[in-house]
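The values are calculated or read from the model by the stated rules, or taken from the named source; none is laboratory data. A quick note: this is a predicted structure, and the numbers were derived from the prediction, not measured. FYI the Cβ positions are ideal-geometry reconstructions off the backbone, even for glycines, and counts take in every protein chain you see. Please note that ligands, DNA and RNA were not included when accessible areas were found on the heavy atoms of the full protein model with its side chains. Shrake-Rupley method; radii C 1.70, N 1.55, O 1.52, S 1.80 Å.
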Amino acid sequence: RAQIGEGEGLGRRSIWSKPGIWVEGGEGGVRDPRKRGQGRMGRRMGEWWAVLFLSAALVGVLPGAADGASMVVSTQPVGNTIKGRMLETQPTVTVLLDDGRPDVSNSGMVMASLGVNPTAASLNGHTQAQLYNGVATFTDLVVYPGGQDFQMKFTAMSSDVVPEPLEAMSANFFAAGQEAKLMIVTHPRITLDADRRGAVAPVVAVVDDLGNELPMATATVSVSITRNPNSGSFTPNSVLSVPAEGGRAAFGSLWLTRAATMNEPGATIDTGPRGYDETYTLSFSAPGFAAVESEQFDVSPLVVVSRQPSSDRVVSAPPVWCQGGLEGCMGVVS
């Protein structure tokens, strides 16, 4: 039985595990619940289920909560030797019960972050992993831009049962190697916002020292104007910072406010220095990477027809029908 209320022995309110029977205090006696009415029976059953539910929560059998006694790093992370690659050994963490056994009933979530971060790097990839039989396995964590003496911090989400989150710290690890760099895959051909015809969006990729693209790279690449002959600027609706997806950052929303063109670049001795070369170049950069500069490109000006062509006289000649020989068609019709 589960005792609820006060009193000696069976007490004023004692619920037996045998369905449908209870003993009420006073003179005592066993009463049939069918004779007491549905309201009283509903209250008793509600109390019985409340006791069971609370007991289950206290022993940790409810799914989805990270409610073990402790958490340990069961597989320590090992850093990558080439920046832009995933960690060579991905970490795993285990939630343990008080007796040291894995909490196999736990299906909560574990979050990874950089607890010690001497180079202000970022942790990329899937930074949350679900516990399965008490173990959370991470698969694609990447550290940018790299460095020494990192420590990873793991946190299990708190729950109503255990309001304080579980935490664990990894051992020190490195993420060495600075071979990765930015490379312009598609050079820009930017236009004015009012005329976007012929525009070519620049694409920047993260590559290793051999030029192989690193699809796990998620660096945020920013663009700026380096060569600027006409004091132009990007339009307010241009997007100047783009996070890489699949190792590539594509700038699909870039427009300039002023034109700059190549005019007669091939001046000769006979013609004299009539030509001039006015072109733009762009620079692309990301935290931890050296900037790269684009090829030169021009921006064509807008041509507006201020006065439409027209004619004040329309001349048409009637058809001439000839009969007989050629001498019959020698007349001139005007």
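Here are some notes:
- The number of residues in region 72-107 being in a strand (DSSP E or B) and not aliphatic (A, V, I, L, M) comes to 6.
- Region 235-254, residues that are assigned to a strand (DSSP E or B), over 16 Å from residue 212 (Cα atoms) and either aliphatic (A, V, I, L, M) or modelled with pLDDT under 95 (or both): 242, 243, 250
- Only one of the numbered conditions (1) under 21 Å from residue 79 (Cβ atoms); (2) modelled with pLDDT of 85 or more; (3) part of a loop (DSSP other than H, G, I, E, B) is violated by residue 206, and that is (3).
- For residue 167, the stated conditions hold: it is closer than 30 Å to residue 75 by Cβ and either in contact (Cβ under 8 Å) with a residue 40 or more places away in the chain or exposed (fewer than 15 other Cβ atoms within 10 Å of the Cβ) (or both).
- Checking residue 264 against (1) open to solvent by 70 Å² or more (accessible area, probe 1.4 Å); (2) at pLDDT 90 or above, the condition it does not meet: (2)
- Region 210-222, subset of a type outside the set (A, V, I, L, M, F, W, C) and touching a residue at least 40 places away in the same chain (Cβ under 8 Å), residue nearest to residue 285 (Cα to Cα): 222
- So residue 232, is it part of a loop (DSSP other than H, G, I, E, B), at pLDDT 85 or above and among the small types (Gly, Ala, Ser): yes
- Residue list for region 179-206, filter: β-branched (Val, Ile, Thr) and either crowded, with 17+ Cβ neighbours inside 10 Å or in contact with an Asp or Glu (Cβ under 7 Å, 6 or more places away or on another chain) (or both): 190, 191, 203, 204, 206
- Total residues in region 76-94, condition in contact (Cβ under 8 Å) with a residue 40 or more places away in the chain and open to solvent by 40 Å² or more (accessible area, probe 1.4 Å): 6
- Residue among 97, 114 that alone is open to solvent by less than 50 Å² (accessible area, probe 1.4 Å), at negative phi and not charged (D, E, K, R): 114
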